[in-house]
Amino acid sequence: MKKPFYSIGIIFKNEIRCLERCMKSLQPLRDAVPCELVMADTGSTDGSRAVAEQYADIVFDFPWVDDFSAARNAVMDRCSGQWYISVDADEWLVEGVKELKEFSQVKNFPRDFAGYHIRNFQAVGKLLEDNYLDFIAVRIARLSTGVRYYGCIHEGWSGPDHKPLQIMTLDSVWFHHDGYAYADEEAQTAKRSRNSALLKRKLEEKPNDLKTLVECIDCVRQSDKDAAVKYVNQAMEGVRQKWTGWDRLGVIVYRSAVAVAMTHKLPELLEWAGQAEELYPDSIFTKVDVAYYAFSRCWDDEDYTSARDWCEKYLKGVEDYRAGRVEFSERTKGVLENASPLWERKALVLMPEAYLRCGQPEKAYEAFQKIKGQELEDRKQVELCILMLIRLQRTTTLDVGALLAAFWKQINQPTPDEDAAAARRKTALETAAPAFTSKYFAEEERRTDYIRHGCTVFRALAGECSQGTAAAILGTEDRSELETLLAGVEAWGELPPLALEHALLEGARFPLPGKPLKIEEMDALAARMARKDGPLAGLAVLAADEDLFDWQSLVWARGLALAAVRSCGWVDMEQGMALCRAFAKIEAVFLPRYYAADLLCDENIRLLPPMHRFGWYCGKAFWALDAGDSAAYVRLLRQGLESCAEAKPMAEFLLKQLEDSRRVQATPELIVLAEQVRTLLAQYPADDPAVEALKQSAAYQKVAHLIEGPELGVFGGLKQ
């Protein structure tokens, strides 16, 4: 074997999940350049050792002594290459073999250390590609320098006299790391506990070390508020007193302080953010991390002007970072926490709303165009975008429809797959649905900034989705056009009821010829239109006046009438009577065509569904009333109610209407006679035989309806 140019060093313990992936990713480098792989097992029990032995040139046991530097130095002691590359078991080489090979062919290097890029993923699954932290890690060293690791945790190489290392960067070399992404809560807690103990030991050895203090802050940030605040105050005091490295690490201290303030809702957040901007205005950590946390706090506080200003700074900082407009010294200070697409996307989604709240609709329009709908995986983000477009439509005359059309096209892209697109589409339609209600219309019209109904923005999607078709329907009164639009509806359950109401009120035929519906579909549509202040009762009356010999029209009329009767408030006497008449008429046509003739009789009528039982009695009651037999009318209504308790509100309405009409029609002589009879009855106890005799008299029968009223009967011992 040739003398290795690279010695690749790895320490591992129980890494069976990822160790072979790491080994395989290094193989192309080992094939291209003479390498040796030296690995230390610090106590594996899960089979990792067997995997390591398949790939490594040297594998040895190193008992864990709570010191990462000790383990890594033990690996370096067994290496014989010219340059050392440190790799973790949960990392894998993604790209850069070519540059590492070219590096091996250069005779003389002016520097002894090199860094490469690491992408540290923070989540698994669909979020894996978007939620990460990028940083440059100094992981390559010339072995002839005799360099050693120091620090029991977050170990690093020390230059002569602990001066900063002279580093070169291999810009095309990228490793990925997912150890934190896959750690469950128990593993994370164990790791934090271990790291916290090691960092405390490290801090005891060097209490004024700002780098270690920042590491302590980040270790306990989520889990221990008191400890995090203690470390923050200590580190910020160190910056004020200009401890060693304060000028380089000061912005990292402030960034970590602001992050702690965000996590634990500390009031000092904006004060610290302002100080960071004053002291380190050009640092990428101020422009990105500090700006993002300040933006988030201002948004939570509903300070939209400040949120807008911080968000503008943040987005500009991310743009600079992505474009490489960041000094090398900045890139090696630490890890940017909010530069990944995940956090940028959150800011981009909120930015249009901030502009609109600040009275800058044109800016909001422009900002919305930067959102990429196909990348949205958070349901809340899709909701915010749809609501934003509705508000922008309601309050401006801008062509918001063009924005919606582009956004709709984006969210329907199968990214990362069709399931994600379907979820985005469903969320968008569900979010838009309330904007297609009469209540929402009324609330919009009461607003001082109202220009047009927000749902009209969906006209841009006519024919593409239910809300688009609904908006187009609401925007026209032409019967032919309405019927054409209705003919394009496939999912009636998704069409906003307000649109169908509008089409019916404008005279559109429904159901459409050639597009028959099932009875359950018609009933569901009618039920969705049911509301006390809606036009359903009027639509049922109109349906009763139509030609009911067509089965589809008849069943639809029946569905409208039943839904209207069930939802009617029974306050408007004229409308109520028209609905009752329509219900009776429709039932009179429907029942004999739908049921066998021998069912429609007193002895078998109970075999019908309850409301149809009442409909049968109701129709007979109106025949009696129209024939002048009010006593039969009352009796039939009572029988109908006995067979269907659900009809009580309607029956009460009809009987009250009869009573009121009788009182209006009563002559002065009858009213005087009724008072005389009532006075006479009051002289006797209710159970006196004289009372029963009086009630059988002709005089009483003339005025009984004025004394008793046509009250509902008592069935089964209970007042109906």
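The values are calculated or read from the model by the stated rules, or taken from the named source; none is laboratory data. Predicted model only: the values in this text are computed from it and were never measured. Note that each Cβ is placed from the backbone with ideal geometry, even for glycine, and that neighbours are counted across all protein chains shown.
Here are the numbers for this structure:
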{"read-out": "Residues that are more than 28 Å from the chain's Cα centre (by Cα) and assigned to a helix (DSSP H, G or I), drawn from the range 474-487", "value": "Arg479, Ser480, Glu481, Leu482, Glu483, Thr484, Leu485, Leu486, Ala487"}
{"read-out": "Per-region count, the range 60-108, residues part of a helix (DSSP H, G or I) and within 13 Å of Leu29 (Cβ to Cβ)", "value": "8"}
{"read-out": "Matching residues, the range 42-59, being part of a helix (DSSP H, G or I) and touching a helix residue (DSSP H, G or I) at 6+ places or on another chain (Cβ under 6 Å)", "value": "Ser48, Val51, Tyr55"}
{"read-out": "Tally of residues being within 15 Å of Ile473 (Cβ to Cβ) and surrounded by fewer than 20 Cβ atoms within 10 Å (Cβ to Cβ) across the range 499-519", "value": "6"}
{"read-out": "Conditions (1) touching a Ser or Thr at 6+ places or on another chain (Cβ under 8 Å); (2) crowded, with 21+ Cβ neighbours inside 10 Å; (3) farther than 18 Å from Tyr116 by Cβ: number failed by Ser48", "value": "(1)"}
{"read-out": "Qualifying residue in the range 457-473 (condition: of a type in the set (Lys, Arg), within 27 Å of the chain's Cα centre (by Cα) and within 15 Å of Thr437 (Cα to Cα))", "value": "no"}
{"read-out": "Residues of the range 420-453 satisfying the condition of being within 19 Å of Leu404 (Cα to Cα) and more than 20 Å from the chain's Cα centre (by Cα)", "value": "Ile451, Arg452, His453"}
{"read-out": "Qualifying position, being part of a helix (DSSP H, G or I) and either under 21 Å from the mean Cα position of the chain (by Cα) or aromatic (Phe, Trp, Tyr) (or both), among Leu342, Leu315", "value": "Leu342"}
{"read-out": "Pair list, Cβ < 6 Å and 6+ apart or interchain, from the range 240-257 residues that are assigned by TED's automatic domain parsing to the domain that holds Tyr292 to residues that are surrounded by fewer than 17 Cβ atoms within 10 Å (Cβ to Cβ)", "value": "Trp243/Asn208"}
{"read-out": "Sole exception among (1) within 26 Å of Pro497 (Cα to Cα); (2) surrounded by 16 or more Cβ atoms within 10 Å (Cβ to Cβ); (3) modelled with pLDDT under 95 for Gly569, by number", "value": "(2)"}
{"read-out": "Members of the range 248-276 that are closer than 18 Å to Leu336 by Cα and among the basic types (Lys, Arg)", "value": "Arg248, Arg255"}
{"read-out": "The one condition in (1) loosely packed, with under 15 Cβ neighbours inside 10 Å; (2) within 21 Å of Lys620 (Cβ to Cβ) that Glu587 fails to fulfil", "value": "(1)"}
{"read-out": "Residue ID - surrounded by the most Cβ atoms within 10 Å (Cβ to Cβ), chosen from residues in the range 592-610 that are assigned to a helix (DSSP H, G or I) and under 47 Å from the mean Cα position of the chain (by Cα)", "value": "Tyr594"}
{"read-out": "The range 406-460 - residue that is in a loop (DSSP other than H, G, I, E, B) and among the charged types (D, E, K, R) and, of those, surrounded by the fewest Cβ atoms within 10 Å (Cβ to Cβ)", "value": "Asp417"}
{"read-out": "Filter result (exposed (fewer than 15 other Cβ atoms within 10 Å of the Cβ) and part of a helix (DSSP H, G or I)) within the range 383-405", "value": "Ala402"}
{"read-out": "Close pairs (8 angstrom Cβ cut-off, 6 or more residues apart or separate chains): under 18 Å from Leu474 (Cα atoms) in the range 424-443, among the charged types (D, E, K, R) anywhere", "value": "Leu429/Glu494; Ser438/Arg531; Ser438/Asp533"}
{"read-out": "Residue in the range 280-294 that is under 32 Å from the mean Cα position of the chain (by Cα) and surrounded by fewer than 20 Cβ atoms within 10 Å (Cβ to Cβ) present", "value": "no"}
{"read-out": "Filter result for the condition that a residue is closer than 18 Å to Ala651 by Cβ and of a type in the set (Val, Ile, Thr), over Val565, Val541, Val589, Val555", "value": "Val565"}
{"read-out": "One residue from Tyr132, Tyr149 being under 30 Å from Asp417 (Cβ atoms), surrounded by 18 or more Cβ atoms within 10 Å (Cβ to Cβ) and modelled with pLDDT under 95", "value": "Tyr132"}
{"read-out": "Count - residues of the range 51-78 that are more than 27 Å from Arg201 (Cβ to Cβ) and surrounded by 15 or more Cβ atoms within 10 Å (Cβ to Cβ)", "value": "7"}
{"read-out": "Residue tally, condition farther than 21 Å from Glu494 by Cα and either under 40 Å from the mean Cα position of the chain (by Cα) or in a loop (DSSP other than H, G, I, E, B) (or both), over the range 527-551", "value": "11"}
{"read-out": "Ser48 under 42 Å from the mean Cα position of the chain (by Cα) and among the hydroxyl-bearing types (Ser, Thr, Tyr)", "value": "yes"}
{"read-out": "Count of residues meeting criterion [surrounded by fewer than 20 Cβ atoms within 10 Å (Cβ to Cβ) and of a type in the set (Phe, Trp, Tyr)] in the range 366-382", "value": "0"}
